[in-house]
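Below: one structure, written as structure tokens.
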Amino acid sequence: MDLIAELLVSALLVVGGIFVLVGSYGLVKLDDLMKRLHAPTKASTLGVGGVLIASMIWFAAFEGEVSLHELLVTLFIFLTAPITANMIAKAHLHLTGERESALPDTRSEEGWATFHEAPSTVPAEKPGEQKA
């Protein structure tokens, strides 16, 4: 059982390390913010997740302790990384002055949600109605 746990922990550490290395390389080498955004949110998230799961298995198999801290950190990273990337991308689109016509086609009638106006909270006047 110890050999299987050691092999599993080793495999997760190596795979996690490769993902972190690829994510770090992409963060440094990619030229545009929108391209660079994928490196830490995809590859590095999987890398950190692999290392944290390896830590969970190590402590469960060799120390006899069940540690849920690593699971909670992994869950937190997997939930927050896509949301953070979305917010950074939207801020970048607005700050650089990108126009909707310069962006790729969404293949729907809706267009890009970033460029839609928020619905008005004030009800529109009905025809024939006068303000008081």
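The values are calculated or read from the model by the stated rules, or taken from the named source; none is laboratory data. Source: prediction; values computed, not measured. Cβ atoms come from the backbone with ideal geometry, glycine included; neighbour counts cover every protein chain shown.
Here is a list: 43, 5, 60, 11. Which entry is touching a helix residue (DSSP H, G or I) at 6+ places or on another chain (Cβ under 7 Å) and over 27 Å from residue 84 (Cβ atoms)?
5
Among the helices (runs of 4 or more DSSP H) confined wholly to region 1-100, which include 2 or more residues that are of a type in the set (Gly, Ala, Ser) and modelled with pLDDT of 90 or more?
The qualifying helices (runs of 4 or more DSSP H) are 2-29, 45-58.
When you go through 15, 66, 73, 51 one by one, which is the residue that is over 25 Å from residue 3 (Cβ atoms) and of a type in the set (Val, Ile, Thr)?
After ruling out the rest, the residue left standing is 73.
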